[in-house]
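Below: the structure, in structure tokens.
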Amino acid sequence: MKAIRRHDLFVVAPEAWHRLLAGRPDLDGVPHVATWARDGRPVIVRRRFPGEGDHLPAGLPLPPADGKRRIGLAVPWTDATPSPPVTLAAARPAAPPAWHPTVDAVLALAAEYGVVPQVFGGLLWQRLTGLAYLSTTSDLDLLWPVPVTRRLLDGLATIDANAPMRLDGEVVLPDGAGVNWRELRDTPPGGSVLAKGLDRVALVPAGLDR
């Protein structure tokens with residue numbers, strides 16, 4: 001079993017799609033699934049279910065107009081190839097124009113602290129598929145690699161307070177688990193925050209450098 005993290009992207013081999021879909025009659029006629037396979041769009045790592053240890057636990061989300069269904073897949077490792085993450089800078093063209101000032105402010109903040117935020121959620125899928133995943137109530141979901149500082153999170157909170165959308169997302173720990181950035185910022189020194197991993201959730205210390 002390979003080391004993977006929540007939100008990692010993988011491309012499934014074309015011939016493997018045929019085998020996967022042949023074994024999933026429940027997906028016959030489901031919008032976008034056949035196109036997903038034909039166009040080689042990535043799938044995303046999801047939380048693992050019992051009994052999936054020898055397969056990649058993957059999924060793909062349908063757009064809100066098609067029910068926002070989350071489709072789970074178990075992909076043999078030999079049929080899956082890692083795909084690079086999508087950075088916020090790369091996803092900017094797919095964001096609504098009203099989001100651009102906020103995106104630019106987040107990118108400037110990230111550059112100041114030498115980190116590269118990645119996207120997941122609606123903006124990721126809108127960037128990868130060209131389909132409509134974002135609405136006026138959508139969040140901007142971001143992954144922040146460690147190390148992050150309290151000053152960076154304070155800056156993010158300032159941007160969030162004036163943004164047309166909610167800035168959501170996680171700080172990604174070295175083991176791949178994610179901690180909600182607001183919880184991390186708001187928990188006092190000595191406290192603990194909930195970290196979500198691939199197989200479990202656990203409380204971890206909420207220490208932050210200035």
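The values are calculated or read from the model by the stated rules, or taken from the named source; none is laboratory data. Predicted model, so just to flag it, every value in this text is computed and none were measured. Each accessible area value is taken on the protein alone, full model and side chains, heavy atoms only, with ligands, DNA and RNA left out. Shrake-Rupley method; radii C 1.70, N 1.55, O 1.52, S 1.80 Å.
With protein chains left intact and a 1.4 Å probe, residues in the range 1-101 average 53 Å² of accessible area per residue. Each residue of the range 1-83 gets 98 Å³ once the volume of the Cα convex hull is shared out per residue. Full extension of the chain segment joining residue 70 with residue 115 gains 13.2 nm, where the gain is 0.36 nm per residue of separation less the Cα-Cα distance. Overall, the accessible surface of the range 79-147 at a probe of 1.4 angstrom is composed of carbon and sulfur to the extent of 61 percent. Extension gain, residue 183-residue 13: 0.36 nm per intervening residue step, less the Cα-Cα distance, totals 57.3 nm.
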